Amino acid sequence: MLKSLQSIFLTPISSRYQKLIILLVAVLFIFLKENHPLDWDLNTVGFWSNFPDSYQNVNFVYPPWGLILMLPYKWMLPEGAKFFSVLVIGALVIHKRWSLSSFFAIVLSPYFVVTMTKSALDIMVMVFPIYLWEISAGKRWQIPARGLAISLSMIKPQAAMFIWLYFFWKERRNWKSFIWPLVITAMVIIPVSLVGSPPLFLQWIDNIRNPSTDNIYFWSMNNFSLTTKLTIFGSIGLLSIIGLLFFILSKKGIIRWGENLTIASLLYASMAVSPYTSQQSLSSALAFVPTWISVLLQLIHLFLMGNVLSYNSQRALTIMVMVLIIFAYYGYRERFHQLHDH
């Protein structure tokens, strides 16, 4: 019995039964109690109604290309958004050759659960693009897949800036392979941004520079940006010091750094230096370093604050750094990869 449970929950996902469990969990998340106001309501209802004057409603702050790329999010409704987000995590876990234990460490973590109670699109525009980028490597459909990946991530550009610089640098010797994905991204972003009078892009920027009363309230209560506390230079300086410490620990062999840690840290760093990033977005960075200790740390944060989304950039930073250290020290997934590959 024990060996059967171990084979199901502690081995890389490969069997139909393990995948069926992921599907069942995704279905169950459809019935997760909603926490109003839903992100789905705030960001889709009425967004297409006044096109091309979409930003007459000063509450809309997603970019103009969201009018194209967010249509599937609108059509899948809040329930579908939760279902698809869990499937994305399941696909990521399978791709990384992680176990069901890792899958549950992600989807049962407080940050992820709260993200789902809001039917937010963070997983779809942060985790899914990275997953799409990785699985499309070397495939015949690499160009359209990577073009879609970059475009989707631009819905929340504040989380994307560092990760794409990293991916481009990593594959810089094959720089020509970026040309067509970037062309696709430009074709998605630029034409729709120029529609309207004034152009939708300028309407969008105006709503960001002159936020509505509702957005001022949301941005003040649900924001883990370090820049709002330390200024842009202070936040970059602090993150640089932390990054240097990780580099030293890695060079001394105290921790083991790997691809998943890099992705998680760059996602977090991009969001932390942005003037505004909702706390539920942290679930996307944490998805790449799943451990049950991470779940415990989030539960402690929940106990101390009473609400995992309580505005506290310092605690968000503390959770992220501790999770990275734990994941790196034990080399959870990278070490398993090596053992499994050999």
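Tabulated values for the structure
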quantity: Among the candidates Ile135, Ile155, Ile232, Ile150, residue that is in contact with a Gly (Cβ under 7 Å, 6 or more places away or on another chain) and under 21 Å from Ala285 (Cα atoms); calculated: Ile155
quantity: Conditions (1) more than 24 Å from the chain's Cα centre (by Cα); (2) more than 29 Å from Leu38 (Cβ to Cβ); (3) in a helix (DSSP H, G or I); number of the one not met by Ser197; calculated: (3)
quantity: Residues of the stretch 184-205 classified as surrounded by 14 or more Cβ atoms within 10 Å (Cβ to Cβ) and either under 28 Å from Ala264 (Cβ atoms) or of a type in the set (Ser, Thr, Tyr) (or both), total; calculated: 5
quantity: Residue that is nearest to Ile208 (Cα to Cα), among those in the stretch 145-179 that are assigned to a helix (DSSP H, G or I) and charged (D, E, K, R); calculated: Arg146
quantity: Positions within the stretch 74-120 being on the phi < 0 side of the Ramachandran plot and in contact with an Asp or Glu (Cβ under 7 Å, 6 or more places away or on another chain), in sequence order; calculated: Pro78, His95, Thr115, Thr117, Lys118, Ala120
quantity: Given (1) under 20 Å from the mean Cα position of the chain (by Cα); (2) at pLDDT 90 or above; (3) more than 23 Å from Ala149 (Cβ to Cβ); (4) not in a helix (DSSP H, G or I), number of the condition Pro63 does not satisfy; calculated: (3)
quantity: First in the stretch 158-174 and closer than 17 Å to Leu148 by Cβ, second anywhere and aromatic (Phe, Trp, Tyr), Cβ under 7 Å, 6 or more apart; calculated: Phe167/Trp133; Phe168/Phe178
quantity: Among the candidates Gly237, Gly253, residue that is part of a helix (DSSP H, G or I) and either over 30 Å from Asn35 (Cβ atoms) or not aliphatic (A, V, I, L, M) (or both); calculated: Gly237
quantity: Ser265 being closer than 26 Å to Ser153 by Cα, modelled with pLDDT under 90 and not β-branched (Val, Ile, Thr); calculated: no
quantity: Residue ID - surrounded by the fewest Cβ atoms within 10 Å (Cβ to Cβ), chosen from residues in the stretch 212-259 that are β-branched (Val, Ile, Thr) and in contact (Cβ under 8 Å) with a residue 24 or more places away in the chain; calculated: Ile254
quantity: Extreme residue, farthest from the chain's Cα centre (by Cα), among residues of the stretch 138-183 that are within 19 Å of Leu266 (Cβ to Cβ) and among the β-branched types (Val, Ile, Thr); calculated: Ile150
quantity: Within the stretch 125-137, considering residues that are over 16 Å from Met271 (Cβ atoms) and touching a residue at least 12 places away in the same chain (Cβ under 8 Å), the one farthest from the chain's Cα centre (by Cα); calculated: Ser136
quantity: Residues located in the stretch 256-294, provided they are closer than 20 Å to Ser119 by Cα and either among the hydroxyl-bearing types (Ser, Thr, Tyr) or part of a helix (DSSP H, G or I) (or both); calculated: Met271, Tyr276, Thr277, Ser278, Gln279, Gln280, Ser281, Leu282, Ser283, Ser284, Ala285, Leu286
quantity: Number of positions in the stretch 70-83 that are in a helix (DSSP H, G or I) and either crowded, with 19+ Cβ neighbours inside 10 Å or under 17 Å from the mean Cα position of the chain (by Cα) (or both); calculated: 5
quantity: Exclusive hit being within 25 Å of Glu134 (Cα to Cα), at pLDDT below 90, touching a helix residue (DSSP H, G or I) at 6+ places or on another chain (Cβ under 8 Å) and not hydrophobic (A, V, I, L, M, F, W, C), set Ser281, Ser225; calculated: Ser281
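Each row is one residue, and each column tells you yes or no for (1) farther than 22 Å from Leu286 by Cβ; (2) acidic (Asp, Glu); (3) in a helix (DSSP H, G or I).
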position: Ser102; (1), (2), (3): no, no, yes
position: Tyr111; (1), (2), (3): no, no, yes
position: Arg140; (1), (2), (3): yes, no, no
position: Ile143; (1), (2), (3): yes, no, yes
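Residues checked against (1) touching a strand residue (DSSP E or B) at 6+ places or on another chain (Cβ under 7 Å); (2) closer than 18 Å to Ser153 by Cα; (3) crowded, with 21+ Cβ neighbours inside 10 Å:
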| residue | (1), (2), (3) |
| --- | --- |
| Thr44 | no, yes, yes |
| Pro52 | no, no, no |
| Val58 | no, no, no |
| Ile68 | no, yes, no |
| Ser85 | no, yes, yes |
| Leu92 | no, yes, yes |
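Residues are listed down the side, and each one gets a yes or a no for (1) under 28 Å from Gly243 (Cβ atoms); (2) touching a helix residue (DSSP H, G or I) at 6+ places or on another chain (Cβ under 7 Å); (3) modelled with pLDDT under 90:
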position	(1), (2), (3)
Arg146	yes, yes, no
Ala149	yes, yes, no
Gln158	yes, yes, yes
Ile163	yes, yes, no
Trp169	yes, no, no
Ser177	yes, no, yes
Pro181	yes, yes, no
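The values are calculated or read from the model by the stated rules, or taken from the named source; none is laboratory data. Since the model is a prediction, treat every value here as computed from it, not as a measurement. Every residue, glycine among them, receives a Cβ derived from its backbone with ideal geometry; neighbour counts consider all protein chains shown.
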